[in-house]
Amino acid sequence: MYTDLPEADLRAYRSTQTDPADFDEFWAGTLAETRRHPLAVRVTRVDAGISTLDVFDVTFAGFGGQPIKAWLRVPAGATGPLPTIVQFHGYGRGRGQGFENLLWASAGYAHVDMDLRGQGWGGSTGDTPDEGGSGPQAPGFLTRGIESKENYYYRRLYTDAVRAVEAARSLDVVDADRVGVMGTSQGGGIALAVAGLVPDVAAVVARVPFLCDFARASVVTDAMPYRELGVYLATNRPRTQAVHDVLSYFDGVNFAKRAVAPLTATAALMDPICPPSTVFGAFNNYTGPKEITVWPYNGHEGGAWEDDALALRAFGSALT
């Protein structure tokens with residue numbers, strides 16, 4: 001059944017999320033601090049057991065100079081420079097194995113598949129620890145470090161994602177002017193954040209994105225992961241406003257205001273995990289060219305292979 005507003009109301013919906021006065025200063029300082037560390041990109045070819053693609057194990061310096069893993073996949077024998085897709089994964093997923101996730105390199109792109117620090121238990125494995133500390137939290141990632149914007153988990157993860165784009169652009173096989181970013185669910189939210197922080201990415205695909213319109217999400221769905229906020233605030237009652245103040249620095253609604261690359265987004269009207277109004281909260285604020293496809297009879301799976309087809313068309317138009 002529908003979990004949220006009807007489509008006509010979604011298209012008119014405007015989020016109440018506001019951006020802090022020092023939003024841009026905070027993120028400029030965060031990225032400047034990390035960029036004091038060399039990217040330190042290391043690329044090692046691996047035998048992934050497939051003949052149609054070449055696969056490389058990549059390490060680069062993310063937040064605080066901490067090592068972040070990724071896969072680089074390219075068509076076999078390709079020397080570039082190639083149009084490139086940097087991909088971010090859904091909640092709990094890591095980069096998986098070198099022989100997984102072959103669509104983008106099979107379509108002719110260089111594919112940088114970033115690992116997510118501390119994740120890798122929800123369908124695919126990971127290889128990157130989260131070296132940041134944390135105070136009390138609800139199980140999961142949404143309240144990890146929530147005591148301050150400086151210590152919040154997604155400060156580290158969004159910075160890693162920006163550095164993944166920078167690492168990709170440093171590779172000889174990559175055409176630095178033709179780099180797009182994409183993701184589903186959490187990955188879609190990360191892609192929106194990167195679009196707001198790296199305005200010259202060439203294209204953005206955000207499928208049923210998470211991490212958008214936190215204040216609304218925390219009261220219109222009881223599904224995980226947004227439920228983590230409710231669990232935390234049900235006990236830490238006096239911290240409600242402080243928590244939402246921290247989250248405003250990480251909300252896709254606020255990054256959307258700063259993003260100008262062409263956006264292809266999707267939302268599903270029966271999605272209890274990322275309610276469609278939260279997706280439209282970001283989409284309706286998006287500054288650049290944008291289009292959204294709505295799937296009336298789908299949940300958090302969105303359009304599945306139909307979303308793949310949309311992404312192939314979007315990247316084909318913007319990157320090739």
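Looking only at segment 224-243, which residues are open to solvent by less than 10 Å² (accessible area, probe 1.4 Å) and more than 24 Å from His89 (Cβ to Cβ)? Listed by number, the list holds a single entry, Val243.
Each row is one residue, and each column tells you yes or no for (1) farther than 26 Å from Pro272 by Cα; (2) hydrophobic (A, V, I, L, M, F, W, C); (3) at pLDDT below 95.
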position: Asn151; (1), (2), (3): yes, no, no
position: Arg155; (1), (2), (3): no, no, no
position: Glu166; (1), (2), (3): yes, no, no
position: Val179; (1), (2), (3): yes, yes, no
position: Cys212; (1), (2), (3): no, yes, no
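Exactly one residue among Gly65, Gly49 is at pLDDT 95 or above, under 23 Å from Arg163 (Cβ atoms) and small (Gly, Ala, Ser), and that residue is Gly65. For segment 1-59, the set of residues classified as within 30 Å of Ala267 (Cα to Cα), loosely packed, with under 11 Cβ neighbours inside 10 Å and among the β-branched types (Val, Ile, Thr) consists of Thr16 only. Is there a residue in segment 244-251 that is open to solvent by less than 20 Å² (accessible area, probe 1.4 Å), within 15 Å of the chain's Cα centre (by Cα) and of a type in the set (A, V, I, L, M, F, W, C)? Yes; the residues of segment 244-251 include at least one that is open to solvent by less than 20 Å² (accessible area, probe 1.4 Å), within 15 Å of the chain's Cα centre (by Cα) and of a type in the set (A, V, I, L, M, F, W, C).
For segment 29-36, the condition of being closer than 30 Å to Phe280 by Cβ and modelled with pLDDT of 95 or more holds for at least one residue.
The values are calculated or read from the model by the stated rules, or taken from the named source; none is laboratory data. These numbers were taken from a predicted model, which means no experiment stands behind them. We place every Cβ from the backbone using ideal geometry, glycine too, and count neighbours over all the protein chains shown. Quick note on the areas: whole protein, heavy atoms, side chains included, nothing else; ligands and nucleic acids left out. Shrake-Rupley method; radii C 1.70, N 1.55, O 1.52, S 1.80 Å.
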